[in-house]
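The values are calculated or read from the model by the stated rules, or taken from the named source; none is laboratory data. From a predicted model like this one, the values you see are computed outputs, not experimental measurements. Positions of Cβ are backbone-derived with ideal geometry, glycine not excepted, and every protein chain shown enters the neighbour counts. Accessible surface areas use protein heavy atoms only, side chains included; no ligands, DNA or RNA. Shrake-Rupley method; radii C 1.70, N 1.55, O 1.52, S 1.80 Å.
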Amino acid sequence: MAKEIKNFKHLLGKLQGISDPQLEAHFGLYEGYVKKLNEVEEKLKQADRSQTNYSFGEYSELKRRLCVPYNGAYLHEMYFDNLMSQGEASQDFVSLINQSFGSLENWQADMKATGLAVPGWVVTCVENDTQKVTNFQLMEHHIGFPVNNTPIVVLDTWEHAFFLDYKANRGAYIDVFFKNLNWNAVNERVKKTLS
Ligand SMILES: [Fe+2]
C-alpha cells in the first residue's frame, strides 16, 4: 500500500520564528521522501532477488537505501507533528526526563548541544525496557537510530530546516524550536510509550 502525503499547512502562520516560506520549502522536501519511499517499494516488487549482491545489485541497492526515504518521510511527520506551541509538559514527561537528565533545562541543553554537532536529526528517545532517555544524533535519516528505543521529541537539524530564516545559525533555530514545541503531541507519545 502506497504511503500518502500528510498535509501540515495548518502550521503556516502559526510558528514563532519559523517563516512560511521556510515551512513550505520544507513541506516540499518531505513530500519528496514520501514519493521516493513509494517508488523504492514499487521497484523492490519488480527487482530480481536472485541478483542481490554485497558489491552491487539492483535489489541489494534498493534495500540498502530503503530506510533513507522511509525515515525521511516518518521523521518529518514526527517533526511537523511536534511543532506549534500547545499545552505544557505532562507529569509523565517531566518524570522521565528528570530520571535521566535531572531537569528539563539539562535535557534541553543536551538536545541543543547534540543538535549543534549534527546536520541531520536529534531525537529524544526512551529505552523501551528501562525508560532511560537519550538524545541521539541521526546522520542522513537512517544512520544512528538506536534499536529498543521509542522517539518522543524529533528535531530536524538539516540546514534545509532553517537556512532561509537563520542562515548558518543552527543554535538560534534550535532555541526557537523549543518555543514552538507542541507538548500535546509529545505527551501523547510518552503516554503510548508508557502504556
Ligand atoms: Fe527536513
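Just a few scattered comments:
- Which numbered condition Phe80 misses (of (1) assigned to a helix (DSSP H, G or I); (2) away from the ligand (no atom under 14 Å from the Cβ); (3) open to solvent by less than 40 Å² (accessible area, probe 1.4 Å)): (2)
- Which listed residue, of Lys132, Lys112, Lys63, is open to solvent by 10 Å² or more (accessible area, probe 1.4 Å), in contact with an Asp or Glu (Cβ under 9 Å, 6 or more places away or on another chain), modelled with pLDDT of 95 or more and of a type in the set (Lys, Arg): Lys112
- Set Val94, Val118: member being part of a loop (DSSP other than H, G, I, E, B) and surrounded by fewer than 19 Cβ atoms within 10 Å (Cβ to Cβ): Val118
- Of the residues making up segment 5-36, those that are assigned to a helix (DSSP H, G or I) and of a type in the set (A, V, I, L, M, F, W, C) number 6.
- Conditions (1) within 17 Å of Phe145 (Cα to Cα); (2) open to solvent by 50 Å² or more (accessible area, probe 1.4 Å); number of the one not met by Val68: (2)
- Considering only residues in segment 166-195 that are surrounded by fewer than 17 Cβ atoms within 10 Å (Cβ to Cβ) and among the small types (Gly, Ala, Ser), the one that is farthest from Val94 (Cα to Cα) turns out to be Ala168.
- Among the conditions (1) open to solvent by 50 Å² or more (accessible area, probe 1.4 Å); (2) in contact with a helix residue (DSSP H, G or I) (Cβ under 8 Å, 6 or more places away or on another chain); (3) not in a helix (DSSP H, G or I); (4) not charged (D, E, K, R), Phe56 misses just one, which is (2).
- Among the residues examined, Tyr30 qualifies as open to solvent by less than 60 Å² (accessible area, probe 1.4 Å), within 16 Å of the ligand (Cβ to nearest atom) and hydroxyl-bearing (Ser, Thr, Tyr).
- Close contacts from segment 15-34, counting a first residue that is without any contact (Cβ under 8 Å) to a residue 40 or more places away in the chain and a second that is surrounded by 14 or more Cβ atoms within 10 Å (Cβ to Cβ) and of a type in the set (Val, Ile, Thr), with Cβ to Cβ under 7 Å and a gap of 6+ residues or different chains, come to Glu31/Ile5; Val34/Ile5.
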